[in-house]
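**Q** I am attaching a structure below and will ask some questions about it afterwards.
The values are calculated or read from the model by the stated rules, or taken from the named source; none is laboratory data. This is a predicted model, so every value here is computed, not measured. Cβ atoms come from the backbone with ideal geometry, glycine included; neighbour counts cover every protein chain shown. Keep in mind that these areas ignore ligands, DNA and RNA; they rest on the heavy atoms of the full protein, side chains included. Shrake-Rupley method; radii C 1.70, N 1.55, O 1.52, S 1.80 Å.
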Amino acid sequence: MDPRARVAHACDRCRRMRTKCSGGLRCTKCEMDGVECVYSDRKREKARKELIESKSSVLDLQAKNDRLANLLADLIAESNIDSDARTQAVQFMEDLEHEDMLQNVTSNPGSARLPRDTTGQNTPTMGDKDPEHFPDQPEYNEPSRWRSPSEFNLVGPSRLSHLSRLILTDNESSPHSQRPSAWTQTTNNDNLVQHLIALYFCWEYPVFASLSREHFLLDFHTGNQRFCSPLLVNAILALGARYSDLPEARKYEDNPSSAGDHFYEEAQRLLGYEDVPSLTKVQALGLMSLRQASCGNDMSGWHLSRYAMRTALDLGLHMADSQDRRADRLLYSNPERQVSAATFWGCYTLEQAWSLCVGRQSQVTPEEVAVQKPIKIDEIEHEPWRPYSDQGVDPDPTLHQPSNMRSVYKIFAELAQLVHKTNLCLQSEDTRDITSSVRALYTEYLQFYSSLPDALRLGRNSTPPVLFAHIFYHFAVLLLFRPFYNTGIFDTVPATRLICIEATENILSLLKAYQSLYSLRRTPAFMPYIVMSAELARMADHKTRTTVEGRDREVYRTPSIRYLRELALSHPFAVRAMLICKFFVDGWKIDLAPEDDCEVPFGLAKNEDGMTLSHAVTFFRPDEDLERHHTGHASSSPLSHRPTSRLRFVPFPQQGAHLGNLILDHGGQST
């Protein structure tokens with residue numbers, strides 16, 4: 001008998017080609033063709049598929065039971081129903097083991113409904129199986145149609161494995177659990193608190209973040225105030241509320257611009273009681289600074305970032321373990337060292353970003369920074385990132401990707417060190433070697449970008465923090481060369497302008513990719529500042545180029561105004577950025593294409609005309625004298641008598657004050 005007739009399991013290749021298989025370790029067909037012979041376990045694959053389908057069926061049935069229980073709860077709560085129908089409904093709910101809901105219905109009609117969502121599924125029932133849920137959840141109003149982040153395990157205490165918990169903590173987590181809303185007096189809605197925290201960690205973290213997410217969440221759920229505090233939680237809620245359209249996230253439900261205001265006011269109140277420096281105080285100050293940046297209160301945001309850095313320096317967070325007298329393991333545990341490192345580097349990156357944007361000096365020198373960067377944990381690196389919004393997690397599997405959270409954090413820290421050098425170079429009073437210093441810095445930027453880990457390169461990872469890291473890199477390069485736009489710091493004027501315009505185009509291209517993937521409804525807080533700076537540099541290039549070439553009336557096309565319009569939904573500063581861009585369009589007599597223009601959403605701004613703000617409260621207000629926006633000179637004296645070749649492009653006079661004594665010729669040599 002032909003032995004092939006007794007083969008019960010063909011190899012994958014023969015089964016795919018529908019040919020007879022001889023069996024064995026390597027079948028005759030595969031051996032003749034010189035290819036690998038593989039046998040898959042089809043029974044195991046079939047069993048796995050059946051298990052997934054059965055689990056899905058169980059979840060569907062559970063969801064139907066929950067919806068039915070809600071309907072019956074409403075039926076029982078009605079006082080005018082037939083007594084027999086009421087008795088049958090009560091008996092059915094007892095059979096479904098909803099005794100707790102039944103008791104609540106009979107004592108307080110209408111209070112036991114499970115929270116609804118847009119998909120027709122309800123949030124899991126309360127019970128002691130999941131420590132994220134608590135038996136005394138508040139009543140949910142009908143407009144609150146979002147799915148709790150606990151459904152997706154985004155901020156739950158069980159996210160990390162036992163091994164990772166041992167690495168992150170010095171002891172086992174407390175079995176005690178605390179309601180999420182217990183951290184704030186602003187709301188008693190547990191789901192809302194978890195929802196806003198999940199939004200922050202999805203869209204803003206770890207950009208300029210001064211806290212360790214894992215340590216924070218462990219203490220957040222157990223009630224431990226070592227790495228979590230009411231001040232810190234309210235600061236996170238104030239920032240996360242900017243990414244939500246829920247009325248409950250607003251101070252005034254009918255005013256979208258008030259999103260998070262009540263949480264921020266609570267954080268301000270609690271800050272007044274923080275007399276002693278602490279890690280959570282430093283972390284909260286950094287988050288409050290980001291929130292003020294988003295709202296357009298840039299002077300306040302800059303002040304809060306400096307306050308955070310001063311407090312971090314008072315705690316000695318910038319020192320290495322060997323320098324820190326608190327490094328005794330009996331007093332200063334391993335988790336505290338990890339969180340201290342994350343706290344300092346978050347403060348450091350935030351202060352350098354502000355210093356670069358507003359042209360101010362840092363409070364710490366590079367030589368003083370001796371603390372190591374936070375350690376990388378593989379499980380956290382490979383943890384999937386999924387876009388989360390008021391509608392829950394986006395089901396599109398193409399958007400689910402590794403977060404590489406700690407790698408992104410490390411990249412921001414390294415980039416902040418380059419930005420620190422840039423700030424020192426641009427703000428130095430000794431400008432004799434400015435040309436060689438800028439060239440050396442540009443070389444460092446290029447080397448930094450070419451040495452990015454493969455996991456963080458474009459095309460390999462497209463999470464919002466990774467895209468923003470690339471955007472911030474090009475922003476730093478732009479601001480390195482922007483003051484010398486008309487001076488030829490890089491051998492020739494065209495070469496310097498080319499670097500600037502390449503940086504602006506890269507920023508707008510990355511922003512377009514971000515928009516196509518996630519929209520611009522939820523972006524990091526500094527995004528409007530970067531878009532505005534890139535657009536002003538692009539306008540200056542257009543105006544200079546068309547004037548030199550004799551094409552003054554050439555139509556100018558740009559997507560930036562529309563980008564800012566969309567950014568204004570979460571960042572009110574984008575409204576003022578639109579006004580500033582329109583100010584320069586009119587002042588420089590640029591013919592903006594009608595399809596690229598759009599109305600300013602004044603309804604989203606707290607003050608309808610941000611241009612009227614004083615220089616005492618904002619760094620970003622253009623003056624009527626457009627000439628000074630090319631010179632960077634802070635005084636009010638006219639500067640139009642200076643030669644055009646010696647003018648420097650700085651959009652706001654405060655940002656160029658430190659370069660007031662610098663004059664360069666065409667070749668880029670200081671005189």
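**Q** So how far apart, in nm, are the two label points at L61 and R545 if each is 7 Å from Cα heading toward Cβ?
**A** Output for this residue pair reads 6.6 nm.
**Q** To continue, here is another question. Please list, in chain and number order, the residues 5+ apart from Q401 or on another chain whose amide H is under 5 Å from its amide H, with Hs placed from the backbone.
**A** Amide H neighbours of Q401, under 5 Å, 5+ apart: W385.
**Q** I would also like to ask the following. Apply the Karplus parameterisation 6.51 cos²θ - 1.76 cosθ + 1.60, with θ equal to phi minus 60°, to every residue of segment 182-192 and state each ³J(HN,Hα) to the nearest whole Hz, in sequence, with x for glycine and proline.
**A** For segment 182-192, the Karplus-derived couplings read 6, 7, 9, 9, 7, 8, 10, 8, 4, 5, 5 Hz, x marking Gly and Pro.
**Q** Can I ask one more? Of W345, L211, C228, which is farthest along the charge dipole of segment 157-456 in the positive direction, counting Lys and Arg as +1 and Asp and Glu as -1 at C-beta?
**A** W345
**Q** Further question: Say each of K512 and E554 gets a label point 7 Å from the Cα, pointing the same way as Cα to Cβ; how far apart are those two points in nm?
**A** Result: 1.8 nm between the two label points.
**Q** Give me, ordered by chain and number, the residues 5 or more places off L592 or on other chains with an amide H under 5 Å from its own placed amide H.
**A** The list, which skips near neighbours in sequence, is Y556.
**Q** May I ask you to derive the FRET efficiency for E253 and S519 from their Cβ-Cβ distance with R0 = 30 Å, giving the value to the nearest 0.05?
**A** Details: r = 23 Å, r/R0 = 0.77.
The pair E253/S519 has a calculated efficiency of 0.80.
**Q** In whole Hz, what ³J(HN,Hα) sequence does segment 372-388 give by Karplus (6.51, -1.76, 1.60; θ = phi - 60°), x for Gly and Pro?
**A** Each residue of segment 372-388 in turn: 6, 6, x, 6, 9, 10, 4, 5, 6, 4, 8, 4, x, 9, 9, x, 10 Hz.
**Q** Separate question: Once you have the Cα-Cα distance between V35 and L446, take 0.36 nm times their residue separation minus that, and quote the gain in nm to one decimal.
**A** Working: separation 411, 0.36 × 411 = 147.96 nm, distance 4.40 nm.
Difference between extended and current length: 143.6 nm.
**Q** Another one. According to a simple spin-label model (label point 7 Å from Cα along Cα-to-Cβ), what is the distance in nm between T28 and S436?
**A** 7.9 nm
**Q** At 0.36 nm per residue, minus the direct Cα-Cα distance, what do R457 and A495 gain on full extension? Give it in nm, one decimal, please.
**A** Numbers: separation 38, 0.36 × 38 = 13.68 nm, distance 2.63 nm.
In short, 11.1 nm is gained.
**Q** Right, here's the next one. At 1.4 Å probe size, put K543, K20 in order of accessible surface, largest to smallest.
**A** Values: K543 55, K20 160 Å².
Ranking K543, K20 by accessible area, largest first, yields K20, K543.
**Q** What are the GluC sites (Glu not before Pro) within segment 475-549 that DSSP puts in a loop, where the Cβ has at most 14 other Cβ atoms within 10 Å? Mind showing how you got there, number by number?
**A** On the way: sites: E502, E505, E535, E549; in loops: E549.
The qualifying sites are E549.
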